[in-house]
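Step one of this worksheet: look at the structure below.
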Amino acid sequence: MPEFVDSSEAAGDLQTLERRYAVAMEIAWRAFRRLGVRESALADAVQDTLLVVHRRQADFRGESSFRTWVYGIVLRVASSHRRRERRAKTVFAIENTASLEQPVSGEPSPFECLEQKVATELLHSLLDELPPDLREVFVLVELEELSLESAAAALGVRVTTCKSRLRSARRDFESRVARTRARLLHGNDRPGNDRSCEGSSR
């Protein structure tokens, strides 16, 4: 005699699984570039994350939120991809693709698209300069807006350690932003530029 299966319970389990995959995919697409995964490897990194979520879903026991658990997986996958990139030591030509940040409503003008793309690339460039441990906590708390407790759980460290790293990360990032801003503001203040202007006015 075939075993009876409650169809409503099975449907509920399937819906829960689909929601979890959707959450994992949304977190992964947004966070990986911020964590130093190259655009050319984003799709592979997201696929790796979904595979880990599928294989280890039985390990999730609700001790933290599902999102925090997924962030822990994303951090490990990102670290693995960065190591793979360093080992390869190969320079790839990466096309300038549209930013994978959260989509915005409406149709932005070409200038707004360019402005957003430049700002996103500058953010990623500044994040690339941070040490990995500082970058991870900065991304989780400042960009992904996790609490210190959730970030610490995702990183597998104490809250006090997370707080200390975040302080260092903020100082480092703000210092780099200030230097970059000064360079952009004063980059054209060069004697050669003054002379070229004088020459053109004659």
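Listing for the model above:
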{"item": "Subset of segment 32-68 (residues that are part of a helix (DSSP H, G or I) and in contact (Cβ under 8 Å) with a residue 40 or more places away in the chain)", "result": "PHE32, ARG33, ARG34, GLU39, SER40, ALA41, LEU42, GLN57, PHE66, ARG67, THR68"}
{"item": "All positions within segment 15-26 that are modelled with pLDDT of 85 or more and either closer than 15 Å to GLN57 by Cβ or touching a strand residue (DSSP E or B) at 6+ places or on another chain (Cβ under 7 Å) (or both)", "result": "GLU18, ARG19, ARG20, TYR21, ALA22, VAL23, ALA24, MET25"}
{"item": "Residue within segment 82-89 that is at pLDDT 75 or above and either in the same structural domain as ARG179 (by TED's automatic domain parsing) or under 16 Å from ALA28 (Cα atoms) (or both) present", "result": "yes"}
{"item": "Check on ARG67, at pLDDT 85 or above and of a type outside the set (A, V, I, L, M, F, W, C)", "result": "yes"}
{"item": "Exclusive hit being crowded, with 16+ Cβ neighbours inside 10 Å, out of contact with any Gly (no Cβ under 9 Å at 6 or more places or on another chain) and modelled with pLDDT under 90, set GLY12, GLY36, GLY62", "result": "GLY36"}
{"item": "Tabulated pairs, segment 171-183, first in the same structural domain as HIS124 (by TED's automatic domain parsing), second of a type in the set (Phe, Trp, Tyr), C-beta under 9 angstrom, 6+ apart or interchain", "result": "ASP172/PHE138; PHE173/PHE138"}
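The values are calculated or read from the model by the stated rules, or taken from the named source; none is laboratory data. What you see is a predicted model; the values in this text were computed from it and never measured. Glycine also receives a Cβ, built like all others from the backbone with ideal geometry; neighbour counts cover every protein chain displayed.
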